[in-house]
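Right, one structure below, let's go through it.
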Amino acid sequence: MEDRVVLSQFATESILAFCERINTFIFDNYDIKHDILVYGDGANWIKTLAQEVGDHFILDHFHAMQALFRLCGGKTNTEERNLLHGYLKADKKADFFLIANSLYPEMSKQKQAASDYLKNNWASFQNNFKLPQALVCCAEGINSHYFASRLSSRPRGFSIKAIHNLGALLSIDATSSSIRQHLVKHLPEMTHKEKAKPSAPLGKYAKYQNNFTHIPALSNKTSGLKTLIKSLTS
């Protein structure tokens, strides 16, 4: 992406103040010749961002297809999903929900939520096709879901300490030919002593732990860092 810039909202910053800061940055650094398009999942704060900063909000393909998958029950109902996808892209809203309700007359809470999501964001999704300057953008889906899924199902659910540890591991991965060899070689430097205590079996990670050393990222079964290390060393 050309001239990519990442702006983050401060913890104590209101959404309107965040929007004002984005606007200031845009007009100070770019010669605006076209409409500003805001892509996202339809969350209230993103729609507010679109109203304050952009000219149009667009529901990206990732979240529309995610909702369609949930409505159709996952990956198995390919024929039904393709049928509904055709009506979705053709902007046949009445026909889409008529067929969806016929296919799934007794919707589960998840299916009903997916149906309501598509209904509430229908016009925003159609902007993908109605606005000539619209692009197929999947940045939010890739960054917040695909990459983050290697670490956690909650992309923002990391502590400051975990972020520092994560940054160190990513740096090792970028500069070392094998993060596995690096961990084994520098294991004593990366651990600290504590009293021995029973812990759950660590499988192939057991060699990284003994009665005298402890690596929290490896011994905590729910740790996002453990998931990252497993991904990098597999």
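The values are calculated or read from the model by the stated rules, or taken from the named source; none is laboratory data. Source: prediction; values computed, not measured. Note: ideal-geometry Cβ built from the backbone for every residue, glycine included; neighbour counts use all protein chains shown. Surface accessibility is based on the protein's heavy atoms, side chains included, excluding ligands, DNA and RNA. Shrake-Rupley method; radii C 1.70, N 1.55, O 1.52, S 1.80 Å.
Numerical summary
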| item | result |
| --- | --- |
| Segment residue 75-residue 116, extension gain: residue separation times 0.36 nm, minus the distance between their alpha carbons | 12.8 nm |
| Solvent-accessible area of residue 8 with every protein chain in place, 1.4 Å probe, in Å² to the nearest 10 | 80 Å² |
| Residue 51-residue 89 FRET efficiency (beta carbon distance; Förster radius 25 Å; 0.05 resolution) | 0.45 |
| Charge dipole (debye, nearest 20) of the range 21-90; +1 at Cβ of Lys and Arg, -1 at Cβ of Asp and Glu | 280 debye |
| Rounded to the nearest 20 debye, dipole of the range 69-114 from Cβ charges on Lys, Arg, Asp, Glu | 200 debye |
| Normalised contact order of the range 1-146, rounded percent, pairs of Cα under 8 Å and 6 or more residues apart | 25 percent |
| 81, 70, 4, reordered so the largest accessible area comes first (probe 1.4 Å) | 4, 70, 81 |
| Of 89/111; 89/119; 93/130; 47/109; 93/119, pairs whose Cα-Cα distance is over 18 Å | 89/111; 47/109 |
| Per-selection metrics, the range 1-60 (Cα): Rg and Dmax in Å | 11.6, 33 |
| Length gained when the stretch residue 14-residue 44 is fully extended (0.36 nm per residue, less Cα-Cα span) | 9.5 nm |
| Prolate/oblate/rounded call for the range 56-97, Cα gyration tensor, a/c under 1.5 rounded | oblate |
